[in-house]
């Protein structure tokens, strides 16, 4: 069995690689069977809603079986069925902690082979970190679902924040607004006291703050963090303002710190997602009797 630190090396290396190139890397610690992280493709510094699920295997043992062109990865029916049936494209990444190299392959009906006892996936010997533009371009080219499914997937990823709010944990959104720039841009961080997710700078031509928040957090109401506002400003100045206002500003940037709460849409999504995700719910509870009488 792999040591926990060996497994972590692969996750850390992949997170650093994608974050370094502006993509969003969201580790899935307990939320998704057989998936270690979700990647969100970022184009022109804007999150696209195009998502890739990634399974990361770290350790020298995954490189023992190879051909001239590929490393051979073997797995069972259960994992293949889950990956191939996933609503997102699924990628396997192999990380060698000794050489600091990583290799990847999409998991699909076209790439897996049934050997009779197990399933085989050939992972090309094309190092991920060696040519980042090529790696990102090839990952971006993976088939993406229609907008309906992309939006649903975004909600499923954001569910962890919704669950935290529902459990009484304070979830914050912080961002800077460069007020004198003709092209609106925001550096967004969503966090709790224990975890933090930093987004690449968002360029949003023609989109104001409220519209930006409605787009990325349709499931939440946003309110100014009054404690942070009082700490950052004079009390009289803070009390004289209302709405989504910054906690401080200096003429160049305005700093916002907002608290999220679930709105009706968010609460409804949690109920629907619970229903759709209930593995114990029966698909069929009865049967029909079809008439065998042929009409005249």
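All of the numbers you see were taken from the coordinates with simple rules; none came from a lab. A quick note: this is a predicted structure, and the numbers were derived from the prediction, not measured. Glycine gets a Cβ as well: all are built from the backbone with ideal geometry, and neighbour counts include every protein chain shown.
Odds and ends about this structure:
- Across all Cα pairs in the chain, the calculated P(r) in 5 Å bins from zero up to the longest distance comes to 1, 4, 10, 13, 15, 14, 12, 10, 8, 5, 4, 2, 2, 1, 0, 0, 0, 0 percent per bin.
- Relative to the longest principal axis of the Cα atoms of the chain, the long axis of helix 147-166 makes an angle of roughly 60 degrees.
- Computed on region 148-277, with alpha-carbon pairs under 8 angstrom and 6+ residues apart, the relative contact order is 28 percent.
- Principal-axis analysis of the Cα atoms of the chain puts helix 264-277 at an angle of about 10° to the longest axis.
- The slack between residue 143 and residue 272, meaning 0.36 nm per residue of separation minus the straight C-alpha distance, is 43.8 nm.
- Tensor-based shape of region 78-168 (alpha-carbon gyration tensor, a/c under 1.5 rounded, otherwise prolate or oblate): prolate
- Using every pair of separate Cα atoms, the Kirkwood estimate puts the hydrodynamic radius of region 148-277 at 15.8 angstrom.
- Inter-centroid distance (Cα atoms) of region 46-88 relative to region 136-176, Å: 21
- Computed [θ] at 222 nm, helices only, for the chain once each DSSP H run of length n ≥ 4 contributes -39500 (n - 2.57): -9000 deg cm²/dmol
- Between 0 and 90°, nearest 10: helix 4-20 axis offset from the chain longest Cα axis: 60
- For the chain, averaging the sequence separation of C-alpha pairs within contact (under 8 Å, six or more residues apart) and dividing by the residue count gives a relative contact order of 13 percent.
- Rounded to 5, percent antiparallel among DSSP beta bridges of region 41-181: 75
- Entry note, region 16-165: relative contact order of 19 percent, from Cα contacts under 8 Å with a spacing of 6+ residues.
- DSSP bridge pairs, region 21-118: antiparallel proportion in percent, nearest 5: 75
- Which of 38, 21 has the fewest Cβ neighbours within 10 Å, and the rest in rising order: 21, 38
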